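Below is one structure, written out as structure tokens, with a few remarks after it.
All of the numbers you see were taken from the coordinates with simple rules; none came from a lab. Predicted model only: the values in this text are computed from it and were never measured. Using ideal geometry, Cβ is built from the backbone for each residue, glycine included, and neighbour counts are taken over all protein chains shown.
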Amino acid sequence: MPFDRSIKIAPSILAADFAAFGAECEAAEAQGADWIHVDVMDGHFVPNLTLGPAMCKALRPHIKGVMDVHLMIAPVDPYIDAFAEAGADVLTAHVEAGPHVHRTLQAIRAAGMRPGVALNPGTPAEAVRDVLGLVDLVCVMTVNPGFGGQKFIDMGDKIRALREMIGDREIHIEIDGGVDPKTAPLVAAAGADVLVAGSAVFKGGSVADPAPYGANIRAIRAAAQG
Ligand code: DX5
Ligand code: ZN
């Protein structure tokens, strides 16, 4: 898909009905989602367990657009081929997940996916400077990863530093955690273009009544666009 810096809303299915993920992805897209964000947790890198490549593969036919897979696992490398096989478009690994993030990002590209690198709130922008040439996306965590519905942590200075480091390279800045119509303008103004939102998208709606998803997505987008 062509690169652009317009605001993209990526609902995180962590906040959707776990018994209806396929239908939830379809509902979110029908209601205006640009990307679908899939949170993979291993109970080791983060204190929670979610889903793996088999679920991603099952979801692939239910997602028309970008499947944005966020790995909160360590190690990453043994699972890269499985996520490629599952049909992930963007595969994001944490810079904190191991000593060889450079090798990991090369392997993600070699497997045919678009590599992303994520930073925990305690990790400075500087930690990804030397891998920017390898990635299509930098994900700035605005919560400590592991759970949806947490309070937004302001990472404005980090986002601005990354935006400057990136310059005119075609690299998305994604924000993940606590994004809602109140926090979206702050991160958009700082230079982010992909806004992940779980609770703020899925609240108030369901597969049977998906219209609130649309209203929630529009509210976040409008707030971000100012
Ligand atoms: C947190 C996940 C997020 C999370 C966001 O570890 O990576 O994607 O689902 O959820 P909200 O938007 O509810 O903070
Ligand atoms: Zn995520």
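Structure data summary
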item: Rough spin-label spacing in nm, given labels placed 7 Å along Cα→Cβ, for ALA54 and ASP4; result: 3.9
item: Computed lengthening from ARG169 to SER206, 0.36 nm per intervening residue step minus Cα-Cα distance; result: 9.5 nm
item: The chain: relative contact order in percent, alpha carbon pairs under 8 Å with at least 6 residues between; result: 21
item: Estimated FRET transfer efficiency (ALA20, ALA82; beta-carbon r; R0 22 Å; 0.05); result: 0.40
item: Within the chain, helix-based [θ] at 222 nm, where runs of 4 or more DSSP H residues each add -39,500 (n - 2.57), nearest 500; result: -9000 deg cm²/dmol
item: Selected from THR104, THR92, THR183 as most flexible by GNM, with the chain as the system and alpha-carbon contacts under 10 Å; result: THR183
item: Semi-axes of the equivalent ellipsoid for the stretch 8-225, Cα gyration tensor, largest first, Å; result: 24, 21, 15
item: Most mobile listed residue (GLY43, GLY191, GLY177) in the chain, GNM with C-alpha springs under 10 Å; result: GLY43
item: Fewest-first sequence of VAL140, VAL69 by Cβ atoms within 10 Å of each Cβ; result: VAL69, VAL140
item: Within a Gaussian network of the chain (alpha carbon springs, distance under 10 Å), most fluctuating of GLY167, GLY178, GLY198; result: GLY167
item: Projected label distance in nm at GLN106 and ARG218, using a 7 Å step from Cα toward the beta-carbon; result: 4.9
item: Under 14 Å, Cβ to Cβ, from VAL128 - net charge with Lys/Arg +1 and Asp/Glu -1; result: -2
